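Encoded as structure tokens, the structure appears first; notes follow it.
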Amino acid sequence: MAASLSYEIGRVPHTVVGASALGDLGALLDGLDGTNLVVIADQGVQATGYITRVVAALRPRPITLHVVAWGEPTLDSVDAAAAVVRTTGDAIVIGVGGGSALDIAKQAAVVGAGAGGVEPYLLCANPLPGRRPIVAIPTTSGTGAEVTRTCIVADRAGNKSWTWGDELLPDLVVLDPTAAATMPHEVTVGTGLDAFVHAIEACSGQRRNSVAAASAQRALSLILTHLPRVAVDGDNLASRQAMQEAAYLAGVAIDNCGTGVAHSIGHALGSQYHIPHGISVAVGLRAALEWNVDGQPGAYADAATALSTDVDQIPAVFTGLCDDVGLRGALGAVVSMSVDEIASTMYAVENQPMLNNNARAVSDDERRMLAERTVQVWHGLWNGPA
């Protein structure tokens, strides 16, 4: 591995794992600084009834429930949640749901400590104003939001932007496989593939290091084994827990090593066409992986070991995983894509850190080539094997 001569590993939150983990939640809150609880959950969690179980585990503490709309965070959705945190006072913020709900909760806990909205903090333009304690209870297995210092939020133009800071890392994480078992098939597939993309980009990128790569390698191995199982049997709690662990480990990896070109493609697809994040980065990896491996095979040695394959077979392994779990059936609506729009958005300022961290340097001509491949992969998935 061509690791940096020196590197830094971020803190990992206090984490409890298992089907009985939710029962420990009340006692675990005693160690956090706050009296009032603000529970921020998405509509999907509310619809499944899981939020009722969370609220019951938190009683008799005073609870304010704030339900956010399904979809990725926006400036308005973060600011509305932050206003609830701000007006509640002495709050512990508990995010329950997928990566979007957790990102809204994390940003609300930070922005709610100040007087304004989240917009001044995009792309680290200003120091974050403070924080309230944060608890993350993910119901999906993919984003790793429960263990990262980066949050996604759409700017006023609708482009996917981000905030970053140590303040955004949760204090406590609860990995409850019964929560993940509430996910529908398409969410299981999209988020699981998202975790795979996180892991492989973290252990192959320019910022890779041995410590974080170990997390990524274990994540890849777990996903290859357990994602096909939960795609078929969503009630398999052992595999649901393994996927939660994989997403967590992949989150640790990207928090320390970053992501690559598949994420710059994925953010372009999300900004331009509102394709769900997990699906968009999976398409991005399908478009870029063979090109990356051909140009920098040494960067993929750790991934090959984790996947028990040769380096040159990694693209085929990923394609096979996508087929096995039914990526094609999880695509959603038909979208007409523009190569120019994708190539341009890949290079937007908010996406340049991903391009710069990619295993292989990306020239302007290669960026357009990857955009062309992205369109081909997308249409290939719709019309047959890509």
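The values are calculated or read from the model by the stated rules, or taken from the named source; none is laboratory data. These numbers come from a predicted model, not from an experiment. Because the Cβ atoms are built from the backbone with ideal geometry, glycine has one as well, and the counts that use them run over all protein chains shown. Surface areas here come from the heavy atoms of the whole protein model, side chains and all, with no ligands, DNA or RNA. Shrake-Rupley method; radii C 1.70, N 1.55, O 1.52, S 1.80 Å.
For region 230-287, what relative contact order do you get, as a whole percent, if you take Cα pairs closer than 8 Å and at least 6 residues apart?
Numbers: 32 pairs, mean separation 14.9, N = 58.
Averaging sequence separation for qualifying contacts and normalising by length gives 26 percent for region 230-287.
With every protein chain left in place and a probe of 1.4 Å, what is the accessible surface of H185, to the nearest 10 Å²?
Accessible area, nearest 10 Å²: 80 Å².
Considering the Cα positions of region 76-215, please state its Rg to one decimal place and its Dmax as a whole number of Å.
So, for region 76-215, Rg and Dmax equal 15.4, 44 Å respectively.
Treating the angle as unsigned and between 0 and 90°, give the value, to the nearest 10°, between the Cα long axis of helix 237-257 and the longest Cα principal axis of the chain.
Helix 237-257 sits roughly 80 degrees off the main axis of the chain.
Stretch L65-Y347 to full length: gain in nm at 0.36 nm per residue minus the Cα-Cα span?
Numbers: separation 282, 0.36 × 282 = 101.52 nm, distance 3.86 nm.
97.7 nm is the gain from fully extending L65 to Y347.
Can you tell which of A199, T319, A179 lies farthest toward the positive end of the dipole of the chain, using +1 and -1 charges on the Cβ of basic and acidic side chains (Lys, Arg; Asp, Glu)?
The one lying farthest along the dipole's positive direction is A179.
Quick one: the Cα spread of region 170-319 along its three principal axes, in angstroms, biggest first?
41, 35, 33
Keeping the other protein chains in place, figure out the carbon and sulfur percent of the accessible area of region 291-386, with a 1.4 Å probe. List each step's numbers first, then the result.
On the way: 2080 of 4500 Å².
Carbon and sulfur together cover 46 percent of it.
Looking at (i) 23.1; (ii) 16.8; (iii) 19.2, which value of mean projected area of the Cα convex hull in nm² comes from a calculation on the structure shown?
Evaluating mean projected area of the Cα convex hull in nm² on these atoms matches (ii).
Report the trypsin sites (Lys or Arg not before Pro) located in region 1-93 that are in a DSSP loop and have at most 14 other Cβ atoms inside 10 Å of their Cβ, or state none. It would help to have the intermediate numbers written out before the result.
Working: sites: R11, R53, R86; in loops: R11.
Of the trypsin sites (Lys or Arg not before Pro), the ones in loops of region 1-93 whose Cβ has at most 14 other Cβ atoms within 10 Å are R11.
Would you mind telling me the share, in percent, of accessible area of region 90-160 contributed by carbon and sulfur at probe 1.4 angstrom? Can you show the working numbers first?
Values: 960 of 1840 Å².
Summing carbon and sulfur atoms, their accessible area is 52 percent of the total for region 90-160.
Kirkwood Rh and Cα-based Rg: tell me the resulting Rg over Rh for region 241-285, rounded to two decimals.
In region 241-285, Rg relative to Rh is 1.05.
Given region 178-230, what whole percent of its Cα pairs are spread farther than 12 Å? Present the calculation step by step, with values, prior to reporting the outcome.
Working: 888 of 1378 pairs.
So the pairs more than 12 Å apart make up 64 percent of the total in region 178-230.
Sort 158-167, 273-282, 199-208 by the packing proxy (mean of other Cβ within 10 Å over each peptide's residues), most packed first.
Ranked from most to least packed, the peptides come out as 199-208, 273-282, 158-167.
Per the Kirkwood treatment, what hydrodynamic radius in Å, one decimal, follows for region 72-124 from the mean inverse distance over all distinct Cα pairs?
Values: mean 1/r = 0.0922 Å⁻¹.
The Cα-based Kirkwood calculation yields 10.8 Å.
Quick one: grab Rg to one decimal and Dmax as a whole number for region 148-254, Cα atoms only, in Å.
That works out to 14.6, 42 Å for Rg and Dmax.
Just to verify a number: FRET efficiency for A19 and V334, C-beta to C-beta distance, R0 = 35 Å, to 0.05? Intermediate values should be presented prior to the final figure.
Details: r = 39 Å, r/R0 = 1.11.
The calculated FRET efficiency here is 0.35.
Roughly what percent of Cα-Cα pairs across region 1-146 reach past 19 Å?
Details: 5562 of 10585 pairs.
That tail contains 53 percent of the Cα-Cα pairs.
Would you mind working out the accessible area per residue for the chain, using a 1.4 Å probe, and quoting it in Å²? Can you show the working numbers first?
Details: 14220 Å² over 386 residues.
Result: 37 Å² of accessible area for each residue.
Using 0.36 nm times the number of residues separating D33 and D166, minus their current alpha carbon distance, what extension gain do you get? Walk me through the numbers before you get to the answer.
On the way: separation 133, 0.36 × 133 = 47.88 nm, distance 1.74 nm.
That pair, D33 and D166, stretches by 46.1 nm at full extension.
Explain nothing, just the number: dipole magnitude of the chain about its Cα centre with +1 on each Lys and Arg Cβ and -1 on each Asp and Glu Cβ, in debye rounded to the nearest 20. Please list the in-between numbers first.
Numbers: 22 positive and 38 negative charges, 97 e Å.
I would put it at about 460 debye.
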